[in-house]
Structures are given as C-alpha cells and as structure tokens.
Amino acid sequence: MISIVIPNYNGEELLKKNLPKVFEAIKNFPSEVIVIDDGSTDQSVNFLKTQKIKLLKNPRNLGFSSAVNKGVKEALGETIVLLNTDVFPEKNFLEPLVSHFKDSNVFAVGCLDKSYENGKIILRGRGIGTWRRGFLVHARGEVDEDNTLWVSGGSGAFRKSIWEKLEGLNELYNPFYWEDIDLSYRALKSGYKVLFEKKSIVNHEHQKGAIKKNYSEFKIKTIAFRNQFIFVWENATDLYLQLLHIIFLPYHFVKALISLDFAFFLGFIEAFVLLPKIIKSSLRFQKQFIKSDREVTKKFLK
C-alpha cells in the first residue's frame, strides 16, 4: 500500500486541477489518497467531499508540519508520498520512486521537480549545502546525481516506520519552511539514506501555492529567518559549528542592520522565544544521531 498525503490550505482550484492527475499516476498501484484540510476558508472541503479520498480536517490553520504529521499518522501505507496542492506528478513517476525502498535503510527519496518560475522551468529536487559563518547554507543541486541533503515535503516519498522513529516533522517550524530539511538532516545524522530520483518527475507551479497567496513577503522572510535559527540551535552538535555560530552572530546582526533587514531581527527574536522548546527537542533528537555535522555535509559542498 502506498499512501499519498496532500496538505491543503485554500487550494480549491489547485485541487480541482491536480487531483485527477494524482489519481491517474497511481491507478496501477495499491494506494490511498489522504488530504488534510488545514482550516481552509474557501470551498476546498466541499469539493473534497465529492472525491474518492480520505479527508481529514483541522479546525483551524495549524501549519504545514502539523497537517502533514496528521496525514502520515492516519496513513495505512509503509511508503508515504507527500505532494503539495500546487504539484502534479507525471504518469510514470511512482515506480522508480518506490523502487528504492527495497533497501531497508532508505528513509526518503525525492522527485525531480519541474519548477515553473517567472516563465522558465527550473529543475529542482536535489538539495546541497554546507555550513558557512554559523549557518547551514543550502541551494539547488544539479540533478545528475542520486544523493541529496534533503527531500522536499511537497514532492517526495518517505518510509513511515523510520518517520515515526524520527518523530516526523518538527512542528516548531509551523507554519512553513525548513521542516523538510530538518527531518532529512536528522535522518542523515541518524544513519539513514536520503536519495534523489531524477526519473520520478513532478511539475510544480510555485506562484500558485498557498504561501505566496496568503502571506506578505516580509512575513515569509521573517518565518524563514526564524526557522533558520531553529535549525541551527536544534541540529548543530559539532562544537566548532556551535562556536562559529556564536562568533558570527554579531557579523550577521551588523549586516542586517546595514541593509535594514528587520525581518532578520524579528526572526531571531521569535526563535529566541522558542529556545526552551528547541533545546528540549534537540536533546531528544540527538539520542539517535550517529554522524557528525561534518560527515553529513561533506558530500554537498557548493
């Protein structure tokens, strides 16, 4: 059984367009489709009630991590495929994706993401990154290799049993951003495999997604900065990285002040307020780590 899990927030039109393509892509596999409505105010729920899916509803908008965790918890399949509402798969995407799970140490496999951006198609799906000046700096990687630093929570497959061991997406990252990088990074530090499959292709219409429709640019930047801090404080266990983060904080503050980047300061404050919860989750997650930060990122130097 393969479980397709789709979080939705005010995505009625995207669901009408993309859900039939999901059904077409999985028709030859034993599967189920679960949609979690995260407090939508449009007519999403009424539309979803007419579809052959398992519908879960949040009473209010809780955020991406909470919605996805709820869907995965209710999934019957051991292989979970996460898709965003602004993503639709190509017909033969599933077979090469799930074939990797024959290896019991594989936690997640990412799809090749044809991302429609400003009239161009950018090939995404494979992530790289390195630690620089106290932060993990990540970027799009070339799609000609099968390793990746993370698998997107909007277009990737995950093994449910390992997901549960890792405790799924950390809901401190709500409403969005960094949660899938965090989960993949924790999986890698725990000794599991995170892969990329270029034959599994999805199409991604970024500009039509819920984030850009429902949040201001300043709010999006603030959340991104906040979650960047959360990621470091939760995951950086190498002592030299912890020291570099502290040493370079004044540099980043001055740089943000010169550029009047107030979202950086607000993001730091919001993360600092969460520090007790971050420390608590960090201590819990670290019990599973068997690799250092240096071991995890050495293959992904930009």
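The values are calculated or read from the model by the stated rules, or taken from the named source; none is laboratory data. Bear in mind that the values here come from a model prediction, so they are computed numbers and not experimental data. Cβ coordinates were reconstructed from backbone atoms using ideal geometry, including for glycine residues, and neighbour counts include every protein chain displayed.
Some values worked out for this structure:
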| quantity | calculated |
| --- | --- |
| Odd one out for K255, checked against (1) more than 17 Å from F225 (Cα to Cα); (2) surrounded by 12 or more Cβ atoms within 10 Å (Cβ to Cβ) | (1) |
| Number of positions in the stretch 87-99 that are surrounded by 24 or more Cβ atoms within 10 Å (Cβ to Cβ) and either β-branched (V, I, T) or under 16 Å from the mean Cα position of the chain (by Cα) (or both) | 1 |
| Residues that are under 16 Å from K291 (Cβ atoms) and in contact with a strand residue (DSSP E or B) (Cβ under 8 Å, 6 or more places away or on another chain), drawn from the stretch 149-165 | L149, W150, I162 |
| Qualifying residue in the stretch 170-180 (condition: free of Cβ contacts under 8 Å to residues at least 12 places away in the same chain and not in a strand (DSSP E or B)) | no |
| Of all residues making up the stretch 62-82, the number that are touching a Ser or Thr at 6+ places or on another chain (Cβ under 8 Å) and either assigned to a loop (DSSP other than H, G, I, E, B) or at pLDDT below 95 (or both) | 4 |
| Any pair with Cβ under 9 angstrom, 6 or more apart, that starts in the stretch 224-241 at a residue that is within 17 Å of E179 (Cβ to Cβ) and ends at one that is of a type in the set (K, R) | E234/R186; N235/R186; N235/K189 |
| Any hit, the stretch 243-258, residues being assigned to a helix (DSSP H, G or I), under 25 Å from T130 (Cβ atoms), β-branched (V, I, T) and touching a residue at least 24 places away in the same chain (Cβ under 8 Å) | yes |
| Tabulated pairs, the stretch 276-302, first within 12 Å of L188 (Cα to Cα) and free of Cβ contacts under 8 Å to residues at least 12 places away in the same chain, second hydroxyl-bearing (S, T, Y) and in a helix (DSSP H, G or I), C-beta under 8 angstrom, 6+ apart or interchain | none |
| Any hit, the stretch 147-162, residues being more than 18 Å from Y192 (Cβ to Cβ) and modelled with pLDDT under 95 | no |
| So L195, is it in contact with a strand residue (DSSP E or B) (Cβ under 7 Å, 6 or more places away or on another chain), modelled with pLDDT of 95 or more and crowded, with 19+ Cβ neighbours inside 10 Å | yes |
| Candidates A108, A139, filtered to the one that is in a strand (DSSP E or B) and modelled with pLDDT under 95 | A139 |
| Meets criteria (under 14 Å from the mean Cα position of the chain (by Cα), of a type in the set (A, V, I, L, M) and surrounded by 14 or more Cβ atoms within 10 Å (Cβ to Cβ)) for V109 | yes |
| The one condition in (1) part of a loop (DSSP other than H, G, I, E, B); (2) surrounded by fewer than 24 Cβ atoms within 10 Å (Cβ to Cβ); (3) not acidic (D, E) that S152 fails to fulfil | (2) |
